[in-house]
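**Student:** Here's a structure for you.
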Protein chains: 2
Amino acid sequence: MRPVHYKLLGEDGSARLGELHTQHGAIPTPAFMPVGTAATVKSLTPEDLEGMQAKIILGNAYHLYIRPGHKLIESLGGLHRFMGWEGAILTDSGGFQVMSLADLRKVTPDGVEFSSHLDGSRHFISPEISMEIQRSLGSDIVMAFDECVKHPATKDEVKKSMELTTKWERRSRAVKLQPHQGLFGILQGGMYPELRAEHFDALKDIDFEGWAIGGLSVGEPPSLMYEILDSCVPLLPKDKVRYLMGVGTPEDLVEGVARGVDIFDCVMPTRNARNGTLFTSTGKLHIKNARFATDREPLDAACSCYTCRKFSRAYLRHLYVSGEILSSRLNTIHNVHFYLHLMRQTREAIAARRFADFRAAFYRSYAKSKSIAEEELP
Amino acid sequence: MRPVHYKLLGEDGSARLGELHTQHGAIPTPAFMPVGTAATVKSLTPEDLEGMQAKIILGNAYHLYIRPGHKLIESLGGLHRFMGWEGAILTDSGGFQVMSLADLRKVTPDGVEFSSHLDGSRHFISPEISMEIQRSLGSDIVMAFDECVKHPATKDEVKKSMELTTKWERRSRAVKLQPHQGLFGILQGGMYPELRAEHFDALKDIDFEGWAIGGLSVGEPPSLMYEILDSCVPLLPKDKVRYLMGVGTPEDLVEGVARGVDIFDCVMPTRNARNGTLFTSTGKLHIKNARFATDREPLDAACSCYTCRKFSRAYLRHLYVSGEILSSRLNTIHNVHFYLHLMRQTREAIAARRFADFRAAFYRSYAKSKSIAEEELP
């Protein structure tokens with residue numbers, strides 16, 4: 001048995017119940033991975049995450065390579081030990097961040113030359129170097145190095161980039177990782193179903209431990225993203241885990257699960273928390289709103305997180321408008337708990353074969369006022 | 001028995017072991033109060049504080065009056081409930097903050113008119129209004145409203161201010177508080193032992209539940225502060241708790257305890273934490289220092305706090321230089337734990353009647369390289 005492997009436990013329509021096994025624990029899926037860019041899920045301790053039953057988090061190879069450096073983290077025993085996290089870690093390959101954060105990029109068949117967003121220093125990342133970085137970090141799941149195209153892009157642009165990515169993914173697989181690490185391939189092809197199919201054909205003989213769908217949630221409308229998912233999730237092998245990268249809203253997670261996606265990551269719960277936007281069972285709220293100034297209710301009466309058990313909206317608003325550090329933390333606890341709980345609810349629904357009911361109930365409660373939600377109702 | 005009262009349990013030289021009783025628990029003394037200015041000890045949850053065995057925190061009447069407003073907090077059930085803190089709370093009177101933070105102050109015999117440091121709006125606080133604010137907040141310990149003079153100040157300036165303070169303290173005592181609240185008087189008199197004595201004479205007939213020493217740690221050298229303490233602590237009644245306001249460094253706490261002080265508050269552990277300055281059993285360190293970049297040791301091998309149990313100096317330096325929110329929190333946990341632990345050590349030493357040994361050992365370990373420490377060694 002490979003150190004990283006997926007076990008399908010049940011299906012309900014296209015939705016899947018499963019377990020992703022790693023040497024840092026088994027992750028019940030569908031699962032959401034809180035984003036821990038710089039070796040911390042912003043404002044939370046590992047203890048906070050454990051308390052919320054988070055089983056896996058995401059780390060960013062690009063950021064950790066730039067600061068403090070993967071070799072330093074390796075010399076200190078790897079990323080798990082460095083950040084005190086005993087659960088599983090997936091690292092991205094740096095490809096997306098090089099495109100979205102770094103300056104003065106120069107892409108060649110060999111790799112990407114770029115300037116650090118921190119100090120402008122010149123760097124070069126290739127598939128081999130990305131694998132070396134992720135090997136040093138010691139994450140459980142390593143992502144292949146890919147090129148990400150901007151949206152919108154012409155079919156020719158997407159095809160050209162996709163063909164480069166195919167070569168880079170083969171080169172990624174050729175690099176020896178640590179024995180406990182598994183490598184996930186990434187399906188590109190933009191908003192073109194036929195390119196998605198072509199890309200899968202080009203990659204399918206590569207023996208990846210899991211499959212990711214990349215290049216979505218890049219500015220396209222949700223309906224288009226769901227259409228692309230409809231076209232490409234069915235291509236993926238049933239015995240491997242399916243990861244929808246960088247997605248998304250609570251609605252996106254429910255729709256992804258409905259289409260057979262197993263794992264997700266997104267900065268939305270953590271970043272929105274710091275900006276005072278909170279997810280509740282009845283929709284989003286902006287805590288800075290004056291109407292919360294005297295509101296003695298918890299953020300979400302249906303929520304069992306520490307923030308909702310202990311504090312009123314009035315207190316949370318006070319912390320936010322006062323710029324208190326605790327605001328970020330209490331809001332983050334709530335939002336991450338909301339995402340993890342949403343995934344727990346999908347798992348329970350799939351196990352009970354009532355996922356369609358859950359999905360309809362979710363929209364009635366969470367997104368009742370939103371046209372996109374109405375459009376997407378099954 | 002009054003709701004707020006002190007019980008002297010033992011003495012070792014001038015150092016005192018005791019218990020300060022409140023309706024929100026008994027506080028073993030000597031004790032340190034972490035500062036929770038705006039209804040939060042910055043970056044910490046009540047759970048964090050409970051985990052560190054904090055029994056009492058300080059809240060700032062001035063800040064809470066300005067934002068979110070004491071009436072709002074009262075309507076939400078008081079400060080304890082608002083911030084989710086079940087331990088004891090002492091509130092200051094706002095006098096010090098009006099002097100140090102507010103603009104365009106105008107002091108009259110009636111009170112102080114000033115502009116808010118947040119939005120420039122005009123406000124007025126008198127002894128009666130300070131009592132009303134603190135009554136609304138519902139703190140366990142209410143501080144009398146005083147005027148604070150700048151240091152240095154002439155004897156005439158100090159005397160004039162002190163005489164105004166005497167009147168304000170009498171007016172403070174005349175205001176009815178909540179049944180669970182106790183009122184502490186404040187001894188002023190600047191750096192003039194004879195004025196300190198005169199001020200105590202002027203106040204001693206007022207039936208305060210405890211005594212504070214104000215107007216110290218305002219820029220004078222530690223040796224002068226200790227001299228003033230030597231002159232005025234012996235004036236205070238033995239059956240009341242003694243509170244040294246806004247003090248101080250670890251050395252100041254040890255010296256205060258040695259002179260018979262029971263409780264302390266200071267922003268130093270929390271503010272320094274956010275600036276990356278950490279207190280350890282062998283002295284202070286600045287975590288941003290490059291020499292910690294590869295340091296796999298905990299901040300303080302002798303410390304049992306969450307930060308020291310889980311993380312390396314290298315990780316804490318990474319969080320600090322990356323501007324991560326978690327940096328403030330982990331550093332604050334450590335520094336507050338250090339202060340609380342220092343107080344626990346003084347209590348154990350007094351109980352065992354080996355406080356002099358403890359004090360000497362503290363200087364050998366913590367402050368061995370500091371001339372001030374050497375000067376002050378008993």
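**Student:** Please give the number of the condition residue B:97 fails out of (1) more than 12 Å from every other protein chain (Cβ to nearest Cβ); (2) within 28 Å of residue B:303 (Cα to Cα); (3) among the polar types (S, T, N, Q).
**Tutor:** (2)
**Student:** Give the residues of segment B:117-146 that are polar (S, T, N, Q) and closer than 20 Å to residue B:79 by Cβ, sorted by residue number.
**Tutor:** B:130, B:134, B:136, B:139, listed by residue number.
**Student:** Give all pairs with beta carbons closer than 9 Å in which a residue from segment A:45-60 that is within 11 Å of chain B (Cβ to nearest Cβ) meets a residue that is basic (Lys, Arg) and not in a strand (DSSP E or B); count only pairs at least 6 apart in sequence or on separate chains.
**Tutor:** From residues that are within 11 Å of chain B (Cβ to nearest Cβ), the pairs are A:45/B:310; A:45/B:329; A:46/B:310; A:47/B:310; A:48/A:329.
**Student:** Output the number of residues of segment B:309-341 satisfying the condition of being within 8 Å of chain A (Cβ to nearest Cβ), open to solvent by 10 Å² or more (accessible area, probe 1.4 Å) and hydroxyl-bearing (Ser, Thr, Tyr).
**Tutor:** Here the count works out to 3.
**Student:** Also, quick follow-up: When the residues of segment A:22-44 are narrowed to those that are away from chain B (no Cβ under 14 Å) and among the hydrophobic types (A, V, I, L, M, F, W, C), which ends up farthest from residue A:101 (Cα to Cα)?
**Tutor:** If we take residues in segment A:22-44 being away from chain B (no Cβ under 14 Å) and among the hydrophobic types (A, V, I, L, M, F, W, C), then A:26 is farthest from residue A:101 (Cα to Cα).
**Student:** Pick from B:302, B:314: which is in contact with a helix residue (DSSP H, G or I) (Cβ under 8 Å, 6 or more places away or on another chain) and modelled with pLDDT of 95 or more?
**Tutor:** So the residue among B:302, B:314 that is in contact with a helix residue (DSSP H, G or I) (Cβ under 8 Å, 6 or more places away or on another chain) and modelled with pLDDT of 95 or more is B:314.
**Student:** Quick check on segment A:119-132. Is at least one of its residues at pLDDT below 95, within 14 Å of chain B (Cβ to nearest Cβ), in a loop (DSSP other than H, G, I, E, B) and over 17 Å from the mean Cα position of the chain (by Cα)?
**Tutor:** Yes: one or more hits.
**Student:** Restrict the check to segment A:82-94 and report whether at least one residue is facing chain B (nearest Cβ under 10 Å) and assigned to a helix (DSSP H, G or I).
**Tutor:** So far as segment A:82-94 goes, yes, one or more of its residues are facing chain B (nearest Cβ under 10 Å) and assigned to a helix (DSSP H, G or I).
**Student:** Which of the residues belonging to segment A:166-208 are open to solvent by less than 50 Å² (accessible area, probe 1.4 Å), touching a strand residue (DSSP E or B) at 6+ places or on another chain (Cβ under 7 Å) and in a helix (DSSP H, G or I)?
**Tutor:** A:169, A:172, A:196, A:199, A:200, A:203 - these are the residues of segment A:166-208 that are open to solvent by less than 50 Å² (accessible area, probe 1.4 Å), touching a strand residue (DSSP E or B) at 6+ places or on another chain (Cβ under 7 Å) and in a helix (DSSP H, G or I).
**Student:** Which numbered condition trips up residue B:304, out of (1) in a helix (DSSP H, G or I); (2) hydroxyl-bearing (Ser, Thr, Tyr); (3) open to solvent by 10 Å² or more (accessible area, probe 1.4 Å)?
**Tutor:** Exception for residue B:304: condition (1).
**Student:** Since residue B:247 meets every condition but one in (1) over 20 Å from residue B:55 (Cβ atoms); (2) open to solvent by less than 10 Å² (accessible area, probe 1.4 Å); (3) part of a loop (DSSP other than H, G, I, E, B); (4) β-branched (Val, Ile, Thr), which condition does it not meet?
**Tutor:** Checking residue B:247 against (1) over 20 Å from residue B:55 (Cβ atoms); (2) open to solvent by less than 10 Å² (accessible area, probe 1.4 Å); (3) part of a loop (DSSP other than H, G, I, E, B); (4) β-branched (Val, Ile, Thr), the one that fails is (1).
**Student:** Between B:74, B:11, B:19, which is away from every other protein chain (no Cβ under 14 Å) and either of a type in the set (Phe, Trp, Tyr) or in contact (Cβ under 8 Å) with a residue 60 or more places away in the chain (or both)?
**Tutor:** Only one candidate qualifies: B:11.
**Student:** Then there is this: Taking the condition more than 26 Å from residue B:326 (Cα to Cα), at pLDDT below 95 and touching a strand residue (DSSP E or B) at 6+ places or on another chain (Cβ under 9 Å), does residue B:116 pass?
**Tutor:** Yes: the conditions hold for residue B:116.
**Student:** Separate question: For segment A:139-165, give me each residue that is open to solvent by less than 60 Å² (accessible area, probe 1.4 Å) and out of contact with any strand residue (DSSP E or B) (no Cβ under 8 Å at 6 or more places or on another chain).
**Tutor:** Hits for segment A:139-165 are A:148, A:149, A:153, A:158, A:161, A:162.
The values are calculated or read from the model by the stated rules, or taken from the named source; none is laboratory data. On a predicted model such as this, the values are computed, not experimentally measured, just so you know. We place every Cβ from the backbone using ideal geometry, glycine too, and count neighbours over all the protein chains shown. All accessible areas refer to the heavy atoms of the entire protein, side chains included, with ligands and DNA or RNA removed. Shrake-Rupley method; radii C 1.70, N 1.55, O 1.52, S 1.80 Å.
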